[in-house]
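Trainee: One structure coming up, written as C-alpha cells, with questions to follow.
The values are calculated or read from the model by the stated rules, or taken from the named source; none is laboratory data. Remember, it's a predicted structure, so these values are computed and weren't measured experimentally. Counting neighbours? That spans all protein chains shown, and the Cβs are built from the backbone with ideal geometry, glycine included. Heads up: the accessible areas ignore ligands, DNA and RNA and are worked out on the full protein's heavy atoms, side chains in. Shrake-Rupley method; radii C 1.70, N 1.55, O 1.52, S 1.80 Å.
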Amino acid sequence: MAIKLFMLSKQNINKQQGVVLIVSLVFLIALTAVAAALMQNTTTDMKMSGASQEKVVATQEAVSAIDEIIHNEVTQVSGTNGFASEIANFPLTPTVSRVIHTTAQITLANPYNIEADCPHSRKASSVQVFKCNVLKVQVTRLYGRTNKSTIEVNSGVSQQLLNVGN
C-alpha cells in the first residue's frame, strides 16, 4: 500500500506541471503592488512635510523681517525715529537683510490721511486731543521650490499726533 501511495503522488506531481510556480508568481505580483503603493504614500507624505516645513520657515523669516524693519526705523543712525516722519514721506520701501525673496513696504493704513483715534493710548484725553496716523508695515516672502508660494505678514504702528484742529 505504501508503494501505491508513492505512485499516486508521483502521478499527481506530473499532472501539476508548474501550477505552484504560477500561484507563487501571482502572490509575488500582489505583494509587489502593495509595497509600491506604500512607497508612493510615503514619498507623498515626505513631500508634504517638507513643504509644510518650508512654509513655517518662511513665516518665521517674514515675522523676523517685520521686527527688523520696526527696529531699524526706530533706531536710525541719524537718531531720528523713522515712524515719526511726515505723512508725505510714506510709502517707504525699507530693505530687509539676509532674507532672500522678501519685499517690505510701509504705507498709511488710514486712507485719505484721515486721523483716527489712537488704538491704545496711555495718555488720558477727555477732549480727544490725541489722534493717530496708523502705518501698515507689510512684508511679503516668496517660498517653495519655484518661489511661487507667498507669505504676507502685516503689522501696524500708530503715529500719535496732537489734534489742534478742534
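Trainee: Going through the range 98-115 one residue at a time, which ones are open to solvent by 60 Å² or more (accessible area, probe 1.4 Å) and at pLDDT 65 or above? Even if it seems obvious, please write down each step before you answer.
Mentor: Taking the range 98-115 first, the residues open to solvent by 60 Å² or more (accessible area, probe 1.4 Å) are 98, 100-101, 103, 105, 111-115.
Passing the criteria: Arg98, Ile100, His101, Thr103, Gln105.
Trainee: Still on this structure, please answer the following. Failed condition for Thr44, given (1) more than 30 Å from Asn154 (Cβ to Cβ); (2) open to solvent by 60 Å² or more (accessible area, probe 1.4 Å), with all others met?
Mentor: Result: Thr44 fails condition (2) only.
Trainee: For the range 116-141, which positions are under 21 Å from the mean Cα position of the chain (by Cα), at pLDDT below 90 and hydrophobic (A, V, I, L, M, F, W, C)?
Mentor: Val137
Trainee: Within the set of pairs 6 or more residues apart or between chains, which connect a residue that is on the phi > 0 side of the Ramachandran plot and in contact (Cβ under 8 Å) with a residue 40 or more places away in the chain inside the range 137-151 to a residue that is open to solvent by 50 Å² or more (accessible area, probe 1.4 Å) and not polar (S, T, N, Q) with Cβ atoms less than 6 Å apart?
Mentor: Asn147/His101
Trainee: Filter the range 142-166 down to residues that are open to solvent by 80 Å² or more (accessible area, probe 1.4 Å) and modelled with pLDDT under 80 and give me whichever is nearest to Lys55 (Cα to Cα).
Mentor: Per the stated criteria, the residue is Gln160.
Trainee: Looking for whichever is modelled with pLDDT of 85 or more and either assigned to a loop (DSSP other than H, G, I, E, B) or exposed (fewer than 13 other Cβ atoms within 10 Å of the Cβ) (or both) here; the options are Ala88, Ala37. Which one fits? Working first, answer last.
Mentor: Working: Ala88 fails: modelled with pLDDT of 85 or more.
After applying the criteria, what remains is Ala37.
Trainee: Also, quick follow-up: Yes or no: the range 64-79 includes at least one residue that is hydroxyl-bearing (Ser, Thr, Tyr) and in contact (Cβ under 8 Å) with a residue 40 or more places away in the chain. Spell out how you get there, then give the answer.
Mentor: Within the range 64-79, the first condition is being hydroxyl-bearing (Ser, Thr, Tyr), and the residues that meet it are 64, 75, 78.
Retained after the next criterion (residues that are in contact (Cβ under 8 Å) with a residue 40 or more places away in the chain): none.
No, because not a single residue in the range 64-79 is hydroxyl-bearing (Ser, Thr, Tyr) and in contact (Cβ under 8 Å) with a residue 40 or more places away in the chain.
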